[in-house]
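A.B. asks: Pasting in a structure now, in structure tokens, and then I'll have a few things to ask.
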Amino acid sequence: MKAVKVSANKTSNIDLGTKKIYKYPLPTRVFDIGKMVVDGRHPEDPKKVILERDCSFVMYVTKGKGKYIVSGDEIKVEAGDVVYVPTGNTFACEGKFEYVTVDIPAYYPEQSEEVKEK
């Protein structure tokens, strides 16, 4: 396979209200990368979290401050921090910050769902 450059203007933009996702189209399903912009809580309902069934991911905070709630644990973050979330955990985020995420294997919507927090 040949090297591929993907410019920001080629991203798929997903607006979830308090979270905007900029996914970079890569020619592989082994992993993917995206930029996330958070302004508030995602998911917005404080009683819900996202269950990631099939992928692990790492998040690198590039700007701002906030927190991740991973399987009930609150992790405060600021620019320069990295958080790893293994497959099967629940996830939410809150604050005003930006991060880059790498999903392994590549994220697809059907593997993720909003569930009530336990």
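Just so it is clear, none of the values below were taken in a lab; they were calculated from the coordinates. Every value quoted in this text rests on a predicted model; they were computed, and no experiment measured them. For neighbour counting, all protein chains shown are included, and Cβ atoms are generated from backbone atoms with ideal geometry for every residue, glycine included.
A.B. asks: Here are several values of P(r) over Cα pairs in 10 Å bins from 0, in percent: (1) 15, 53, 29, 2; (2) 13, 48, 29, 9, 1; (3) 14, 47, 33, 6, 0. Which one was derived from the coordinates shown?
C.D. replies: The listed entry that was calculated here is (3).
A.B. asks: Okay, next question. Grab the other residues whose beta carbon is less than 15 angstrom from that of Asp39, score K and R as +1, D and E as -1, and report the net.
C.D. replies: With Lys, Arg at +1 and Asp, Glu at -1, the neighbours total +4.
A.B. asks: Tell me the net charge near Asp103. Cut-off is 13 Å between Cβ atoms, Asp103 excluded, with +1 for each Lys or Arg and -1 for each Asp or Glu.
C.D. replies: Neighbour charge sum, excluding Asp103 itself: +1.
A.B. asks: If you average over every viewing direction, what projected area does the convex hull of the Cα atoms of segment 1-57 give, in nm²?
C.D. replies: Working: hull surface 19.9 nm².
The Cα convex hull of segment 1-57, projected and averaged over all directions, gives 5.0 nm².
A.B. asks: Could you compute the net charge surrounding Tyr60? Neighbours are other residues with a C-beta less than 15 Å from the C-beta of Tyr60; K and R count +1, D and E count -1.
C.D. replies: -2
A.B. asks: Going by how many other Cβ atoms sit within 10 Å of their own, how do Lys76, Lys19 line up, fewest first?
C.D. replies: Lys76, Lys19
A.B. asks: Estimate the FRET efficiency between Glu113 and Asn9 by the formula 1/(1 + (r/R0)^6), using the beta-carbon distance for r and 25 Å for R0, to the nearest 0.05.
C.D. replies: So, using R0 = 25 Å, E works out to roughly 0.25.
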